[in-house]
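Reading through the structure tokens given below for one structure.
The values are calculated or read from the model by the stated rules, or taken from the named source; none is laboratory data. For clarity, every value in this text was computed on a predicted model and none was experimentally measured. Positions of Cβ are backbone-derived with ideal geometry, glycine not excepted, and every protein chain shown enters the neighbour counts. Accessible surface is based on the protein model in full, side chains and every heavy atom, while ligands, DNA and RNA are left aside. Shrake-Rupley method; radii C 1.70, N 1.55, O 1.52, S 1.80 Å.
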Amino acid sequence: MNEIFHRTSIRKYTDQPVEQEKIELLMRAAMAAPSARNQQPWEFYVVTDRETLDKMAGCSPYASMLRSAPLGIAVCCRKDCALPGYGQIDCSAATENLLLEADSLGLGAVWMGIAPVEERMEAAGEVLELPDNLYVFAFVACGYPAEEKKQQDRYDESRIRYIRG
């Protein structure tokens, strides 16, 4: 899994649209994530409409890159899942899978947290016209990279504690 050591947050994209086949692979990767009691609490809104992407960008001060992205994905969580307390953890795993698959496909992507900030969740829900049983966990901006970035080596041995027998 070299993507783990290659993936970076890409915030600038070319105008090239992301092909439907790649979007499906992104969704398959996201849905392959583990979840508590296999509850799979996620729903995804795949957005290529420019007006909607611009509105999504207004939901958070950290979502401006959606204005230049050809693709935005809203990772949503069902409120009525079996273990709601684990829903955001499950959606985190799905989002990371999506980011790793984007890298493997030659795409760039960045994760923008929406939950747990209530006003951002409410604004995002209004933009996407979500049903009452869903809330937006995160946005992911995605597209062909218009920038190159090298991943930082974050390995820090001082954060590891061994308990050996």
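Of everything listed in (1) surrounded by 13 or more Cβ atoms within 10 Å (Cβ to Cβ); (2) not charged (D, E, K, R); (3) not in a helix (DSSP H, G or I), the single unmet condition for Ile89 is (3).
Take Leu26 and decide whether it is at pLDDT 95 or above, within 13 Å of Ala109 (Cβ to Cβ), in contact with a strand residue (DSSP E or B) (Cβ under 9 Å, 6 or more places away or on another chain) and not basic (Lys, Arg). Considered against the rule, which asks whether it is at pLDDT 95 or above, within 13 Å of Ala109 (Cβ to Cβ), in contact with a strand residue (DSSP E or B) (Cβ under 9 Å, 6 or more places away or on another chain) and not basic (Lys, Arg), Leu26 comes out as yes.
Give Cys81, Cys77 a once-over and let me know the one that is in contact with a Pro (Cβ under 9 Å, 6 or more places away or on another chain), of a type outside the set (S, T, N, Q) and at pLDDT 95 or above. Working first, answer last.
On the way: Cys81 fails: at pLDDT 95 or above.
Testing whether each residue is in contact with a Pro (Cβ under 9 Å, 6 or more places away or on another chain), of a type outside the set (S, T, N, Q) and at pLDDT 95 or above leaves just Cys77.
Taking every residue in the range 139-156 that is within 13 Å of Asp103 (Cα to Cα) and without any contact (Cβ under 8 Å) to a residue 12 or more places away in the chain and pairing it with any residue that is open to solvent by less than 60 Å² (accessible area, probe 1.4 Å) and not acidic (Asp, Glu), at least 6 positions away or on another chain, yields no pair with a Cβ-Cβ distance below 7 Å. Among the residues of the range 60-107, the ones that are within 15 Å of the chain's Cα centre (by Cα), more than 23 Å from Pro34 (Cα to Cα) and not aliphatic (A, V, I, L, M) come to 4 in all.
Within the range 99-129, can you find the residues that are open to solvent by 30 Å² or more (accessible area, probe 1.4 Å), in a loop (DSSP other than H, G, I, E, B) and under 21 Å from Asp54 (Cα atoms)? Those that are open to solvent by 30 Å² or more (accessible area, probe 1.4 Å), in a loop (DSSP other than H, G, I, E, B) and under 21 Å from Asp54 (Cα atoms): Val117, Glu129. If you go through the range 15-67 and pick out every residue that is among the polar types (S, T, N, Q), under 24 Å from Asn133 (Cα atoms), open to solvent by 70 Å² or more (accessible area, probe 1.4 Å) and not in a loop (DSSP other than H, G, I, E, B), you end up with 1. Within the range 149-162, is there a residue that is closer than 25 Å to His6 by Cα and open to solvent by less than 50 Å² (accessible area, probe 1.4 Å)? No, the range 149-162 contains no residue that is closer than 25 Å to His6 by Cα and open to solvent by less than 50 Å² (accessible area, probe 1.4 Å). In the range 119-134, the residues that are more than 16 Å from Val46 (Cα to Cα) form Cβ pairs under 8 Å with partners that are open to solvent by 40 Å² or more (accessible area, probe 1.4 Å), at six or more places apart or across chains, as follows: Ala123/Gly58; Asp132/Lys79; Asn133/Arg78; Asn133/Lys79; Asn133/Asp80. Among the residues of the range 131-146, just one is of a type in the set (A, V, I, L, M) and either open to solvent by 30 Å² or more (accessible area, probe 1.4 Å) or at positive phi (or both), namely Ala146.
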